[in-house]
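For reference, the structure discussed in these notes is given below.
Nothing in this text is a laboratory measurement; each read-out follows from the coordinates by a stated rule. The model shown is predicted, which means the values in this text are computed figures rather than measured ones. Heads up, the Cβs are rebuilt from the backbone with ideal geometry, glycines too, and the neighbour counts pull from every protein chain shown.
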Amino acid sequence: MDEKKEAKMNTGIDAVKRQLHDYKKKYSTDKLVKGVLYFLLVGLCLFLTFTVLEFNFRFGTWIRGFLLFSFVILTSGILLIRIIKPLWEIYSGGKNLDDAEAARQIGRFFPEVKDKLLNVLQLQKITNQDESLLLASIDQKSQELSTTKFVNAIKINANLSFLRYLAIPVGITLILLLLIPQLFTESAARIIQYNKTFTPPPPFTFNLLNESLDGFRNEDFQLKMSIEGDNIPENVYLENNGRRIKLNENDEGLFEFTFPKMLVKTNFRFEAAGYSSSEYQITLHNRPLLKNFNVFLDFPSYTGKQDVLLENIGNVEVPEGSQINWQFSTTEADSLWLKFDKDEEPVTSQISDNQLFDVEKTFFNPQYYEVQLANKFSKNKDRIRYRIEVVKDKAPEIHAEIFQDTTLFSFIVLGGSVSDDYGLTKLAIKYQTQNAKEESLFSTLPLPLDKKQSSQGFYYQWRIDSMNLKEGETLAYYVEVTDNDEVNGHKSTRTGLYYMKVPTRKELKESLAKEAQGAEKQIDKSLDQAKEIQDQIKEIENRLKTKKKMDWQDEKLIQDLLEKKEELSENIEKLKNQNKDLNERRERFSERSPKLKDQMEKLQSLMDELLDDETKKLYDELKKLLEEKSQLGEVQKMMNQIENKEENLEKELERALELFNKMKFDFKLEEIVQDLEETSKKQEELSEKTENSENSKEDLIKEQEEIKEEFQELQKDMEELNKLNQELNNPESMPDFSEEKEEVEKNQEESISNLEEQKRKKASDNQKKSAQQMKQMGEKMQQMQSNMEMEMLEENLDNLRDIVDNLVKLSFSQETLMNNFKEVNQSDPRFLELSQEQLKIKDDAIIVKDSLLALANRVFQIASFVTREVSALNEYMDQSLDALKDRNKSLAISKQQFSMTSMNNLALLLDDVLQQMQQQMADAMGSPQKGKKGQKKNMPGLSELQSELSKKINDLKKSGKTGRQLSEELAKLAAEQEMIRRELEAMQQKMGGDKEGGPGGLEDAIKKMEQTERDLVNKRLANISQERQEDIVTRLLEAEISERERELSKEREGEAAKDFERKIPAAFEEYKQLKEKEIELLKTVPPKLNPYYKKEVNEYFKRIGSN
């Protein structure tokens, strides 16, 4: 029972205590709410009070410090007491308020409780004194108090009444914040920064216009600011590091100042009219910088260029397809990239090391690029821009000069230059043949090429005679060069298409006729010039006869004479080349008879000998006399010698003209015979085709028309042959072919008619008759040609025998007269009679001369040396007569001796010609005297002739002959020796003028022969030693061996094929030499030369070559 009562009592006490605990907690909460409201009210009032005071009075640092710390202390105290302490009480369970005080507060609030709660708490403390009574009292009172809620004694909502007090400062704050925001911002800031001096706000504002005050080291920093307000000061200053700097105002009303090359951060503020701005600070950073870079140029291998490393060079020129690797060294850079103008996306770099960046790219087109660097503060300031110049692989260049052999159509000379920027792989001629019916495919002929040289000349002589081009065919060709481009593929460049057309037979005939006419005109022109020179010589001689001294007019005439002679020499040289070209063309395109070939050679030899060295020496001596102002007599003597030479030249030109016309006639005659034979063959073949029914009528008629046209052309050629015959000095009697021509034309016309009427049998018969008649015409012309040759040979032989006989007689007469003059003196009456005999011999010699010159115009075998010897004979006789007039017997006898020697020389030389003509006549008659038909008579060599001469001299020494017999023998021997000497001189000139000074040279042999001649003429047989004669024979044998080896070498060269060597034009030779020099110069260009300058050097050499 007691335990139940005790439990009941404890329950009542616990309930009271729990209510009491709740009350204490709510009491602390109410206290906290009041503290917060109080803190806000007091803090806000203090803030308003202090800021308004500072805004209005702008206190100094001490007062602002006092206000700041007073605000902090007061608000901190209120915060500690009014807020923090209640919070602690709440979390600590209200330990700061004991139960007795709480009971009293509750008793005061609740009248019905009064002291009951306090009594219960006191009774609990004294339970040990009287437990039963205490428990009963506690239980009673607890039951009474349990119905009352203690927490209701505290009304937290009652604190809301304090908000009306708080609303006043809050409203004031909001109004001021809206109206005067700077009251809080500026005043509060000044109070907080109490230790900082603040100047009073000016009536204007300082506006810093720079978006950022971040600068960069070692760079200028430009500061910009403006002033706004009602009162604008006149001057604005910048305060920096104790300096006061006046700012400059620009046109826009802004103030500027530049900090040069900043190295450290700096503080500054603005000042104007006694007012200062806030203090600012410029912070410095580092920009990313490019220290240096390397560029590796990796060129395509085919260019032959070595890879290059460049330092700090961004503008480069590279061949197409080159790879470029950059390595950049930087400072303060976090990243690097290259921006190319033709690429949308930049090329980023790879970091190879600290502040080292690598970039690589292959180029095919030129581009600009920028190097861009960046870090977290900025990019590079200065624009780093370069250009990659990409040199495209150009197509190779070719410059060609073409020389076509339009005379013989046997070769083409190609020369020129080829070049490329890096190298060449192939040079070739591409050619095809074209005719009226078809075109062949292009063939390739490789040309020599040095692949190591990018620029070089080429020269090639293309022999096309082995291609066997037919009449009327065209050779089309061009030269093509290929480069070594491995990026775009090999490129080729070609020249224009060149054409070389082989003439048709008709075109060739017309061309040969035109060339022959040109050569004939050149002979006429040279002959007219020779006559003009001869007249001028006579004029000069006549002028000088009446003078004792030459005047300037005489010198001018002589100078004109020298110039005309020079011009004549050039024309004769041109004539020689024209005739040589004409002969080569005739031999190249048609087979000629041995007789015509021999005539061609003899005529060319005659033209080659028109300009002799002796005449040239005379003109050189005359020029020298003119320059040295020599005596009149020397000039007259020289003019006399030149006159004789020019007279001989005139005769030789007249002879060349006549022989040329004769050869034209023979050529035309032989050509007509060949054409008649070919045309008759075509007519016979057409006759066979006509009999074959498979051949169409139209084709047969067309072919018959062509043959008809060919025969009409033949008729024109026969008319031209008649004209050529009439132009000869001694025209031949030509047969009449009128009937044959009419029959051929009639049968051809009937053949065409029968073909049109499909009468093939009759047409074939007409064609056969026409062919037979043309054959008969050809045979008739051949017979006429043979008869004319025989008649002319017989006539020429008779004339030549008479001339040789007359020369021998003249020689004897001259010798007899010479001996008679030796027996008389100048005062002897017989002297005049003997002089008259000399005059008669001269007249007889003139007759012989005229006869010989007339014969020379018909006979090709008579060399020009013969006609010159005739002139020398007349000259000696004239000199002998002049000496006789002056009674100068010794000089007259000497000249008579020379004239007799000339007669003997002529007799010997003409006797040789006589033997050749006899051999020719025997061949023509079909009974050769020696050897086979058509072969030349074997003539003894000079060594054999000299050996025979030496034997005759030795025999004469032993014979004991005297008087007339001895003189005749000596004259013959002297003439033979002179002939051998002249032949040896000609051989020497042919061999290139061997003039060795030792005993082994031809010059020594010639001198010894001249000495033998003098001994023979002067009858000094004893002085002619056997040793000297043997030595001459030895030298002649050596010369003949050398000549045979030379001829053998030429034969070996010509064994492969019949070759017509053509001289390359002088201009082409110069071009070839120039190109060779250019190649040598190009080889000297330093390989390490800058590409730009090396290119310019190449262009320079090209320009040299093109000029």
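For a quick protection proxy, order the peptides 686-698, 660-672 by their average other-Cβ count within 10 Å, most packed first.
Packing proxy ranking, top to bottom: 660-672, 686-698.
Quickly work out the GLN323-to-LYS1019 label distance, labels modelled 7 Å from Cα along the C-beta direction, and quote it in nm with one decimal.
The answer from the label model is 10.7 nm.
Apply the Karplus parameterisation 6.51 cos²θ - 1.76 cosθ + 1.60, with θ equal to phi minus 60°, to every residue of the range 474-485 and state each ³J(HN,Hα) to the nearest whole Hz, in sequence, with x for glycine and proline.
Karplus values, whole Hz, x for Gly and Pro: 10, 9, 9, 7, 8, 9, 10, 10, 10, 8, 10, 5.
Could you tell me the distance between the Cα centroids of the range 488-530 and the range 818-843, to the nearest Å?
62
Which aspartates and glutamates have a Cα lying under 20 Å from the Cα of LYS958, excluding residues fewer than 8 positions away in the same chain?
Cα-Cα hits under 20 Å: GLU948, GLU968, GLU969, GLU976, GLU1013, ASP1015, GLU1027, GLU1030.
Along the principal axes of its C-alpha atoms, what lengths does the range 289-391 span, in descending order and rounded to whole Å?
On the principal axes, the range 289-391 reaches 46, 26, 19 Å in Cα extent.
May I ask which of LYS741/LYS761; LYS246/LYS381; LYS597/LYS775; LYS682/LYS768; LYS548/LYS616 have a Cα-Cα span longer than 20 Å here?
With Cα atoms farther than 20 Å apart: LYS741/LYS761; LYS246/LYS381; LYS597/LYS775; LYS548/LYS616.
Note down the magnitude of the dipole of the range 199-285 about its Cα centre, charges +1 on Lys and Arg C-beta and -1 on Asp and Glu C-beta and zero elsewhere, to the nearest 20 debye.
Charge dipole, the range 199-285, about its Cα centre: 500 debye, nearest 20.
Hey, got a sec? Which GluC sites (Glu not before Pro) in the range 247-344 land in a DSSP loop and have at most 14 other Cβ atoms within 10 Å?
Qualifying residues, ordered by number: GLU252, GLU279, GLU344.
Can you pull out the trypsin sites (Lys or Arg not before Pro) in the range 227-293 that DSSP calls coil and that have at most 14 other Cβ atoms within 10 Å?
Taking the range 227-293 and a limit of 14 other Cβ atoms within 10 Å, the loop trypsin sites (Lys or Arg not before Pro) found are LYS265.
Assuming a ≥ b ≥ c are the square roots of the Cα gyration tensor eigenvalues, decide whether the range 199-285 counts as rounded (a/c under 1.5), prolate (otherwise, with a/b larger than b/c) or oblate.
It comes out prolate by the Cα gyration axes.
So which of LYS651/LYS842; LYS525/LYS617; LYS623/LYS664; LYS547/LYS840; LYS506/LYS746 end up more than 31 Å apart by C-alpha?
LYS623/LYS664; LYS547/LYS840
Name the aspartates and glutamates eligible as straight-distance cross-link partners of LYS629: C-alpha to C-alpha under 16 Å, and not fewer than 8 places from it in the same chain.
ASP551, ASP554, GLU555, ASP620, GLU621
Given the C-alpha centroids of the range 719-733 and the range 173-220, what is the distance between them in whole angstrom?
With the range 719-733 and the range 173-220 each reduced to a Cα centre, they are spaced 132 Å.
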